[in-house]
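The values are calculated or read from the model by the stated rules, or taken from the named source; none is laboratory data. Note that the coordinates shown come from a computational prediction; the quantities given were computed from them, not determined experimentally. Every residue, glycine as well, gets a Cβ built from its backbone with ideal geometry; the counts of neighbours run over all protein chains shown.
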Amino acid sequence: MDIENTQKELLKIINDFDKICSKHNIWYMLVGGSVLGAVRHEGFIPWDPDIDVFVKNKDLKKIRSILKEELPQYYNYIEWDKEEGYSLPFDRLGYKEIPHQKLHMDIFPIIGAPTNKVVRKIFTKICFLTYKANHCKYVDIKYANPKNIGSILRLKKILRFIPGFIFKNTFYILSNLFDFKKAKYYYTIGTGYGFKGSMQKEIIMETEKFPFENLMLPIPKYWDEYLTNMYGDYMTPVKEGFKKV
């Protein structure tokens, strides 16, 4: 599937997701490159093959139940903690007939993070390393970054001796370590941004509708602060690793 058709299908997915969340008054917002796309392109970044959203961790059980009940049967909803051999600590929504690695909307649960900067750096580092280890253990090599295959194969030899439940239990502990309601900062495991992916909660909790292709979707009200923290000069496309942002 080429990028144009991928984005067309993703637009259908986010449209259905948005309708259900609006119907049930469930908070969510676009995140990362999807926010950048909304602000800079009023839609997808031209080369972006997925779409990302934040939800509250406490709402995840409710979201799973409602989506499975109300989405058409051709959808495939992956629960990160229940899917055998799944390599990511967040849920995914896609189609049953297409492998999730090729077409997906990522659903990231946001969690509380410590206020102290040093403690927050340690916390986000532990989250990041746990995520990477779990990903290396289960990732399908044919979908891995070609540059990282050698390292992944070496790590797989070590990680095969560590039971998968160790990582899942660690994710549970980290996700509930800090009370999200009381926390001043947030984080989400699995975005790959590390420390800069943790910001003051007030930056994201208020949202506003913003043009995204032919839809109006929620992004952070303080999107300039959010994008500046994530990408710096976000209006100028730059290369980050293998992909532009």
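Is it the case, given these coordinates, that Ile78 is crowded, with 23+ Cβ neighbours inside 10 Å, within 18 Å of Tyr131 (Cβ to Cβ) and more than 12 Å from the chain's Cα centre (by Cα)? Step through it out loud before you land on a result.
Numbers: crowded, with 23+ Cβ neighbours inside 10 Å: no; within 18 Å of Tyr131 (Cβ to Cβ): yes; more than 12 Å from the chain's Cα centre (by Cα): yes.
It is false that Ile78 is crowded, with 23+ Cβ neighbours inside 10 Å, within 18 Å of Tyr131 (Cβ to Cβ) and more than 12 Å from the chain's Cα centre (by Cα).
For the range 133-167, a residue qualifies if it is of a type in the set (Lys, Arg) and surrounded by 15 or more Cβ atoms within 10 Å (Cβ to Cβ), and exactly one does: Lys137. Within the range 82-126, the set of residues being under 19 Å from Asp16 (Cβ atoms), free of Cβ contacts under 8 Å to residues at least 60 places away in the same chain and more than 11 Å from the chain's Cα centre (by Cα) comprises Lys96, Glu97, His100. Scanning the range 47-56 turns up one or more residues that are more than 20 Å from Tyr95 (Cβ to Cβ), charged (D, E, K, R), in contact with a Phe, Trp or Tyr (Cβ under 7 Å, 6 or more places away or on another chain) and surrounded by fewer than 22 Cβ atoms within 10 Å (Cβ to Cβ). Any residue that is out of contact with any helix residue (DSSP H, G or I) (no Cβ under 7 Å at 6 or more places or on another chain) and at pLDDT 95 or above - is there at least one of those in the range 190-200? Looking through the range 190-200, at least one residue is out of contact with any helix residue (DSSP H, G or I) (no Cβ under 7 Å at 6 or more places or on another chain) and at pLDDT 95 or above.
Which residues, taken from the range 66-80, are touching a strand residue (DSSP E or B) at 6+ places or on another chain (Cβ under 9 Å) and in a loop (DSSP other than H, G, I, E, B)? Full working, then the answer.
Let us first name the residues in the range 66-80 that are touching a strand residue (DSSP E or B) at 6+ places or on another chain (Cβ under 9 Å), namely 67-68, 71, 74-80.
Passing the criteria: Leu71, Tyr74, Glu79, Trp80.
For the range 169-209, the set of residues classified as without any contact (Cβ under 8 Å) to a residue 40 or more places away in the chain and closer than 15 Å to Gly32 by Cβ consists of Lys196, Met199, Ile203, listed by residue number.
Tell me, yes or no, whether the range 29-40 has at least one residue that is closer than 19 Å to Gly192 by Cα and in contact with a Lys or Arg (Cβ under 9 Å, 6 or more places away or on another chain). Give the steps one after another, and end with the answer.
In the first step, residues of the range 29-40 are kept if they are closer than 19 Å to Gly192 by Cα; the result is 29-37.
Narrowing the set further to residues that are in contact with a Lys or Arg (Cβ under 9 Å, 6 or more places away or on another chain) leaves 33.
Checked against the condition, which is being closer than 19 Å to Gly192 by Cα and in contact with a Lys or Arg (Cβ under 9 Å, 6 or more places away or on another chain), the range 29-40 yields at least one hit.
Every test in (1) in a helix (DSSP H, G or I); (2) touching a helix residue (DSSP H, G or I) at 6+ places or on another chain (Cβ under 9 Å); (3) within 26 Å of Asn5 (Cβ to Cβ); (4) of a type outside the set (Ser, Thr, Tyr) is passed by Gly37 save one, and that test is (2).
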